[in-house]
Amino acid sequence: MLHQRIETELAAAAAEGLTRRVTDLRFTGAVTARDRQGREYLVFSSNNYLGLTFDPRVRRAAAAAAEAFGSGSTGARLTTGGVMEASDLEQELAAFKHREAALLFNTGYMTNLGVLYGLARPGDLIFSDELNHASIIDGCRISRATVVVYRHGDAADLEAKLQAHPVPPGAVRFLVTDGVFSMDGDVCDLPALVRLKEAYGCLLLVDDAHAVGVLGRDGAGTASYWDLPGAIDLQVGTLSKSLASVGGYVVARREIIDYLKNKSRPFIFSTFPSPADTAAAREALRILRTEGETLLGRLRRNTARIRQGLSDAGIPVLPGDTPIVPVMVGAADRATALDFRLREEGILLSAIRPPTVAPGASRLRLTVTAAHTEAQLDFVLDRLAAAWRQG
Ligand SMILES: *Cc1c(COP(=O)(O)O)cnc(C)c1O
């Protein structure tokens, strides 16, 4: 039975040209990589927004931690997960976000599972934006709370749904949103969400995975961008994007953090990342806090150059000002063909197709970093415009 099911589903994906394949890559710099055949690529699809994966200080911190403290943490933090610096990193993240406390998880994905599954329970109501990240969707599912999906970024639809769903006695209501949406690159309307959270007595969770190191004058994310410090109850983030490592975290009131330490199964039952991962993230966060203005300035100039260049070339891009730049193609096979053509030219970007996005909304998704040079940006603009004209 299983064999048959697998065969049918893989054949259906293949017939639509939607088979997913892993590309084995080795990075040779913050935005350059090589594949197994030795071909070199300029990378426009990583989440390495500040280019810190190749910062010598970050690399040295990781190497020194592995040398001094071993290659692995050996357990979950409630057992032998021996990474003393994890608690330091939690304090530093909380301070950066101007909140009381933080808790680290193994990835951003696990953080959304851990927070939603840890806090929401059957009977509770979770109102979730339709374009939220898969980790939020999965966290909602395993919590077994009632999930109400509202139209993307539509505060009026959200309010109508808040009114339409009665609250069972003792139930908690959560509003859950991405800060920067990962496929459209737009920013959530935090003022509207805060107004609704206050009017209806909800807890607000914002996933800042693509927002930290990107949004706000200090790079602290969505709350900083909208100048609403203290407005978000649960700020989820990742160490794997601008912070150049791996891991996730939530920043919240101490009472919530203490509760999650006691109750969140993804925190309790999984081995903590290595000392090197923690050391790299701490050093990246230190650099963001001390040199953020320079790095963010570079990221914003690069973002503006790409967005302006594409629009000058008449290429349709979803509007916005984040480094996630969706070039709207339409048909999945055209997105695949453009992706292939650019790969041949040594440019890696992502063709995003159904089911990740709606049918007819296939796109090329470019991500810009602070580490791209002007020459590299102009090269991708030139090659993309040429490929676009040829169909
Ligand atoms: C990338 C991402 C995650 C997952 O983070 P990982 O650390 O890669 O597991 C969660 N939420 C959003 C919005 C993301 O973009």
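Just a few scattered comments:
- Selected residue [part of a helix (DSSP H, G or I), farther than 30 Å from residue 73 by Cα and of a type in the set (D, E, K, R)] from 255, 293: 293
- Taking residues in the stretch 1-20 that are open to solvent by 100 Å² or more (accessible area, probe 1.4 Å), and partners anywhere that are aliphatic (A, V, I, L, M), the pairs with Cβ atoms closer than 8 Å and at least 6 places apart or on different chains are 16/332; 20/13.
- Unmet requirement for residue 269, which otherwise passes all of (1) in contact (Cβ under 8 Å) with a residue 12 or more places away in the chain; (2) surrounded by 15 or more Cβ atoms within 10 Å (Cβ to Cβ): (2)
- Selected residue (criterion: most open to solvent (accessible area, probe 1.4 Å)) from residues of the stretch 22-32 that are within 21 Å of the chain's Cα centre (by Cα) and closer than 18 Å to residue 340 by Cβ: 22
- All of 356, 336 fail the test of being at pLDDT below 95 and assigned to a helix (DSSP H, G or I), apart from 336.
- Test: residue in the stretch 284-304 that is open to solvent by 60 Å² or more (accessible area, probe 1.4 Å) and within 16 Å of the ligand (Cβ to nearest atom): no
- Checklist (1) in contact (Cβ under 8 Å) with a residue 12 or more places away in the chain; (2) open to solvent by 30 Å² or more (accessible area, probe 1.4 Å); (3) away from the ligand (no atom under 11 Å from the Cβ) applied to residue 183, failing item: (3)
- Subset of the stretch 226-237 (residues that are open to solvent by 10 Å² or more (accessible area, probe 1.4 Å) and either within 14 Å of the ligand (Cβ to nearest atom) or free of Cβ contacts under 8 Å to residues at least 40 places away in the same chain (or both)): 226, 227, 228, 233
- Qualifying residue in the stretch 120-136 (condition: of a type outside the set (Ser, Thr, Tyr), within 19 Å of residue 255 (Cα to Cα) and crowded, with 22+ Cβ neighbours inside 10 Å): yes
- The strands (runs of 3 or more DSSP E) found entirely in the stretch 72-152 that carry 3 or more residues being closer than 26 Å to residue 278 by Cβ and aliphatic (A, V, I, L, M) are 101-105.
- Candidates 156, 171 - the one that is surrounded by fewer than 23 Cβ atoms within 10 Å (Cβ to Cβ), more than 12 Å from the ligand (Cβ to nearest atom), assigned to a loop (DSSP other than H, G, I, E, B) and modelled with pLDDT of 95 or more: 171
The values are calculated or read from the model by the stated rules, or taken from the named source; none is laboratory data. Bear in mind the structure is a predicted one, so any value in this text is a computation, not a measurement. So basically every Cβ, Gly included, is an ideal-geometry build from the backbone, and we count neighbours across all protein chains shown. Accessible surface areas use protein heavy atoms only, side chains included; no ligands, DNA or RNA. Shrake-Rupley method; radii C 1.70, N 1.55, O 1.52, S 1.80 Å.
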